[in-house]
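Quick notes on the structure that follows.
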Amino acid sequence: MPEAVLWRNAHIATFCGDKPYGWIEHGAMVTQGDRVHWIGGMNDLPVQRGMSFAAEHDLGGACVTPGLIDCHTHLVYAGSRAREFELRLQGASYEEIARAGGGIRSTVMATRAATEAELLALAVPRARALMSEGVTTLEVKSGYGLSEAHEARLLRVARRIAQGLPITVRTTFLGAHAIPPEFEGRADDYVNAVCEWMPRLKAAGLIDAVDAFCERIGFSADQTRRVFESATALDLPVKLHAEQLSDQQGAALAAGFKALSCDHLEYLSDTGVAALAAAGTVAVLLPGAYYFLRETQLPPVAALRAAGVPIALATDHNPGSSPTLSPLLMMNMACTLFRMTPEEAWRGFTLNAARALGLSAGYGVLQNGSRADFAVWNADHPRDLVYRFGHHPLRRLIAAGADITCATERTA
Ligand code: DI6
Ligand code: FE
């Protein structure tokens, strides 16, 4: 039995129960190993019932939340797209740049040219930057390799992030992200190849879920369906980059496969909303890409809310459409740009994000038996952290019951 550790004198957002934020004023927690053993009010501490602790931490009245879960990132890649940013500022669109061979493809070239060690050395500081804003779980998509060997390498790097840092990493195979140059004009052949690689990548333990980019500049609904059929045959859950730049009815297609999530969704229709609601699929909104691409079509937040679709948020960190590493800024943008509430933004980066990754019930909440993943903040209440932006309010970060604050130092 691991020893019990007491964390006392905190105000805790548990995201459990009916209260806003699942708030516990003047609370305390007992952790045991990687689990929360007990959580409640200071007055109900089990010490009163004779429990003793190997260590005791006074949190000084700080606000505590579950560790953040960034459920959509493209964290492993090489190269920069700053030049493309300049071109877009001069009037070129994201789609035009992609069609001219830039965009995702230019990152594929840079990523293929890097070694595995170089890719890891680039990815780790990015993960640390996310941790410095409270992230204890993150998802990493492949999709900048686009050959079996290069995709495998990228997914291996994603797995190695979690070997070097004390966080949870989930990997998503996004082979159907773009058509690589060697398959130019042969999109269907490329989809066949992606479907052939999938069982081997799965057997190597590299995939937790499968994603695709269903878009005019990506893959058609039919091609996406073939990717999903292969994933389903392997018992792998699916997710989709859907309705980001146009309505391809990707969300309805994904819902038919009981997708864990559909992501972006600016161009989601009412039928798409109804399909997500019926399937229990999470809507992952990505304010960073909306902002950075100067999109003006808002995702249908009110309709999603009315239909009871769980809404998650993520950074979508990638070099082309969302080069941010700030989940807190994403929460602020979700409120200012998408008119979400601060509490919705928090649920979006905690329990709904866990659901978007198909994680077990113990992630994204704080309750008896949940993961002991939590952040201690220089703030009185979680809403303060959404209201401010450009701050660095993290005081301590705990993952699997261990203090990992020192691993959050930004090294780049
Ligand atoms: N949509 C996105 O926003 C990212 N991928 C995708 O399918 C962008 C990827 C990139 O531009 O490199
Ligand atoms: Fe993305």
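Every number in this text was worked out from the coordinates using simple rules, so none of it is lab data. What you are looking at is a predicted structure, and each value in this text was computed from that prediction instead of being measured. No Cβ is skipped: glycine too gets one built from the backbone with ideal geometry, and neighbour counts run over all protein chains shown.
Data overview
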read-out: Approximate spin-label separation residue 92-residue 55, in nm, with each point projected 7 Å along Cα-to-Cβ; value: 5.2
read-out: Dimensionless Rg ratio for the stretch 283-357, taking C-alpha atoms and the 2.2 N^0.38 Å reference; value: 1.00
read-out: Loop-located trypsin sites (Lys or Arg not before Pro) in the stretch 108-203, at most 13 other Cβ atoms within 10 Å (DSSP); value: 186
read-out: Between the stretch 220-265 and the stretch 76-123, the Cα center-to-center distance that results, in Å; value: 24
read-out: Most positive-pole-ward Cα, 68, 134, 407, against dipole of the chain from beta carbon charges; value: 407
read-out: The chain: relative contact order in percent, alpha carbon pairs under 8 Å with at least 6 residues between; value: 20
read-out: Point-charge dipole on Cβ atoms (K/R +1, D/E -1) for the stretch 62-170, about Cα centre, debye to 20; value: 180
read-out: Amide H contacts under 5 Å for residue 286, placed H, 5+ residues apart; value: 264
read-out: Under 5 Å, built H, 5+ apart or other chain: amide partners of residue 370; value: 36
read-out: Calculated over the chain: convex hull of Cα atoms, volume per residue (Å³); value: 132
read-out: Loop-located trypsin sites (Lys or Arg not before Pro) in the stretch 243-347 whose Cβ has at most 14 other Cβ within 10 Å (DSSP); value: 258, 294, 339
read-out: Environment charge of residue 304, counting only residues whose C-beta is closer than 11 Å and scoring Lys/Arg +1, Asp/Glu -1; value: -1
read-out: Cβ-defined net charge surrounding residue 371, 13 Å radius [Lys, Arg +1; Asp, Glu -1]; value: -1
read-out: Radius ratio Rg over Rh of the stretch 274-406, counting only Cα atoms, Kirkwood formula for Rh; value: 0.97
read-out: Rounded to whole Hz, the Karplus (6.51, -1.76, 1.60) HN-Hα couplings of the stretch 21-36, x for glycine and proline; value: 6, x, 5, 10, 7, 6, x, 8, 9, 10, 10, 9, x, 8, 10, 7
read-out: Charge sum, other residues only, whose C-beta stays under 12 Å from residue 116's C-beta, Lys/Arg counted +1 and Asp/Glu -1; value: +4
read-out: The stretch 247-256 - phi-based ³J(HN,Hα) in whole Hz, Karplus 6.51/-1.76/1.60, Gly and Pro as x; value: 8, 9, 6, x, 4, 5, 4, 4, 4, x
read-out: Gain in span if fully extended, residue 9 to residue 117, counting 0.36 nm per residue against the direct Cα distance; value: 34.6 nm
read-out: Of 331, 131, 198, the one that fluctuates the most in a GNM where the chain has Cα springs shorter than 10 Å; value: 198
read-out: Principal semi-axes in Å for the stretch 222-344 [√(5λ), Cα gyration tensor, largest first]; value: 23, 16, 13
read-out: Under-21-angstrom lysine pairs by C-alpha in the chain, whenever the two are 8 or more apart or on separate chains; value: 6
read-out: Antiparallel bridge percentage (DSSP; both residues within the chain; nearest 5); value: 45
read-out: For residue 316, distant residues with modelled amide H under 5 Å away; value: 72
read-out: Phi to ³J(HN,Hα) by Karplus 6.51 cos²θ - 1.76 cosθ + 1.60 over the stretch 309-319, Hz, x for Gly, Pro; value: 6, x, 10, 10, 10, 7, 7, 6, 3, 6, x
read-out: At most 14 other Cβ within 10 Å, DSSP loop - GluC sites (Glu not before Pro), the stretch 177-212; value: 184
read-out: Gap separating the Cα centres of the stretch 376-403 and the stretch 1-34, nearest whole Å; value: 15
read-out: Kirkwood hydrodynamic radius (C-alpha pairs) into Stokes-Einstein, the stretch 18-177, 25 °C and 0.890 mPa s, D in µm²/s; value: 129
read-out: Residue 258-residue 336 pseudo-label distance in nm [points 7 Å out on the Cα-to-Cβ vector]; value: 4.1
